[in-house]
Amino acid sequence: MASIVQEWDRTPLSPFSPPNKQPTNGLRESRTSSLQRTVRQAAVDNGIQRPRGYNVSFHYNSDVEQHHFGSHHPMKPWRLHLTKELILSYGLHYAMDLYQTREATRAELATFHTDEYIDFLSEVTPDNMNEMGITDKETRHNFGDDCPVFDGLYRYCTLYTGASVSAARTLAATNPPFTNSHDIAINWSGGLHHAKKSEASGFCYINDIVLCILELLRTHPRVLYIDIDVHHGDGVEQAFASSDRVMTLSYHKYDKYDFFPGTGGLHETGPKATSSNPGAYTSLNVPLLDGIEDDQYTYLFEQITGKTIEVFRPTAIVLQCGADSLGGDRLGKFNLNIKAHGACLSFVQSHRLPLLVLGGGGYTARNVARLWTHETSLCTGSVLPDAIPAAAPYRQAFAGAENGDSLLYPNLEGRHENKHDREKIEGLVQTCHEHLRHLQGAPSVMMRRIPREVWGVREEVDAVLKEEEAERESGRRDLERSVGERGGY
Ligand code: V1D
Ligand code: CA
């Protein structure tokens, strides 16, 4: 388990200093303590307090910020540094438990990824990539322009994954479902939803989300995964397509031929229903067009997510908060403002279930920082002033009309023509509700209400699973016996 760190030092390389670490020289000491005084004052001025009745934990290792995908690549881990600095400037760290996380271990990665892929990822470097089979003509494990080999790649992966695993464990450990507690754990460096079992994809190498869900399944009967990144959460969907204990719900721009990854159509609801496939209808996709606006998105989100929670009855939720669904994103095509994106998080929060909040895409760094700072404030129940604090580092990144006028909530709408009308939005809601009726109509054993006293006890959950498998097996035998008869199932 990662160590908990209450003070957040602002020295560039180790923002999570161990509690007993002494400043290395007098100059840094005075600068750090004066900054800390300013920030503490900001926290007081902004009324930042620890939330009552639940805990928010923040999981991070700032070494992740120093990695570079290459100068022309849109993924900039530096956006995480900007985000952290803005969160600090508002004093939000006083409202959370801060965890300085360690790197994920090989064994942790292997709970989902293949040994051969992990070997490759840990061995490939810019110097040996040609000998390892990545050239202009051929590649391995889908490395290439989207997923380049760069210095420190494996460490980058184990850092963001380590923070996610720490967040999931904190939720599982401090938050057994039988307490009905609704703690929140945050890792803005995580949420890399495209990675597959033995393949990198869409800037993602290790699927930290899958690892988190597997961790949560140790104590939670059902986990709902919600993805509001502008891209389809294909890696997570694929990993749990055959499970009825995980439901995946992704909102994204969809164009089969012209927008990555080209999957996530309205009728892609997972494998077909058969007696041996418990995962039927546990994938739900909400494919969108360019230019969707705040009211349309939040309406869709609440209608569809609300119904999903009602039908699936998750005991924990994982929310991927990709910031590329904001207006003005370098890759995204939506018109959403920060508060509308945040309203989706607030809606999920209002269900008061243990919640794991992760990052994801986001390619206009200043808006990524704004969004995730705002969403950290929602988790802690704080209300932030619109003016970016005067003491915030990189204040120039937010200044000027083209960068949002030093405001936390600049107007981000209006860049893209809105291709949605009322009919389109209502059609999506109706079709998704229909898909959910299939799930409701064919409940597997895991969908039954599980007595509170067995929640959180792995052996007993396993026993319920075994019982379910036996029931399915006997159903299968009945079905096989009735082959040829009508209405056998
Ligand atoms: F524009 C680029 C410049 C350099 C390298 C890559 C890109 C780029 C932009 N968009 N790559 C993409 C997407 N890939 C393609 C494929 C290239 N083939 C020919 C098609 O269009 C990938 C977009 C990945 C989005 C990642 C994510 O935002 O969903 C994310 N979520 O968590 C982390 C990242
Ligand atoms: Ca999505």
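At a glance:
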{"quantity": "Under-5 Å amide H pairs with LEU288, H placed in peptide plane, nonlocal only", "calculated": "HIS252, LYS253, TYR254"}
{"quantity": "Built amide H within the under 5 Å cut-off of PHE58, gap 5+", "calculated": "ASP97, LEU98, TYR99, ILE186"}
{"quantity": "Förster-model FRET efficiency, 35 Å R0, ALA401 and GLU434, C-beta, rounded to 0.05", "calculated": "0.15"}
{"quantity": "Chain lengthening between ASP421 and SER242 when straightened (0.36 nm per residue, less Cα-Cα)", "calculated": "61.0 nm"}
{"quantity": "Length added when fully stretched, MET132-ARG52, from 0.36 nm per residue minus Cα-Cα", "calculated": "23.5 nm"}
{"quantity": "Listed pairs LYS333/LYS419; LYS76/LYS256; LYS197/LYS253; LYS253/LYS419; LYS196/LYS333; LYS256/LYS333 exceeding 20 Å between Cα atoms", "calculated": "LYS76/LYS256; LYS197/LYS253; LYS196/LYS333"}
{"quantity": "Residue-normalised accessible area of segment 5-456, expressed per residue, 1.4 Å probe, Å²", "calculated": "39 Å²"}
{"quantity": "Derived scalar couplings ³J(HN,Hα) [segment 293-309; Karplus, 6.51 cos²θ - 1.76 cosθ + 1.60; whole Hz; x for Gly, Pro]", "calculated": "10, 3, 5, 5, 5, 5, 4, 4, 4, 6, 4, 7, 5, x, 5, 4, 5"}
{"quantity": "Label-zone membership for segment 189-231, site THR139, 7 angstrom Cα→C-beta point, backbone N under 20 Å", "calculated": "192-208, 231"}
{"quantity": "3J(HN,Hα) from dihedral phi, segment 404-418, Karplus parametrisation 6.51/-1.76/1.60, rounded to Hz, x for glycine, proline", "calculated": "x, 6, 6, 9, 6, 10, x, 6, 10, 8, x, 6, 10, 4, 7"}
{"quantity": "Normalised contact order of segment 5-456, rounded percent, pairs of Cα under 8 Å and 6 or more residues apart", "calculated": "17 percent"}
{"quantity": "Distance histogram for segment 259-388 (every C-alpha pair counted, 5 angstrom bins, percent rounded to whole numbers)", "calculated": "2, 9, 17, 21, 21, 15, 9, 4, 2, 1, 0, 0"}
{"quantity": "Kirkwood Rh in Å, taken over all unlike Cα pairs in segment 5-456", "calculated": "22.3 Å"}
{"quantity": "Amide H contacts under 5 Å for CYS147, placed H, 5+ residues apart", "calculated": "PHE203"}
{"quantity": "Karplus (6.51, -1.76, 1.60) ³J(HN,Hα), θ = phi - 60°, over segment 238-244, in Hz, Gly and Pro reported as x", "calculated": "4, 4, 10, 4, 9, 10, 9"}
{"quantity": "In segment 332-408, trypsin sites (Lys or Arg not before Pro) in a DSSP loop with at most 12 other beta-carbon atoms within 10 Å", "calculated": "ARG352"}
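The values are calculated or read from the model by the stated rules, or taken from the named source; none is laboratory data. These figures come from a predicted structure and were not determined experimentally. Cβ: placed from backbone, ideal geometry, glycine included. Neighbour counts: every protein chain shown. Calculation scope for accessible area: heavy atoms of the full protein, side chains included, ligands and nucleic acids excluded. Shrake-Rupley method; radii C 1.70, N 1.55, O 1.52, S 1.80 Å.
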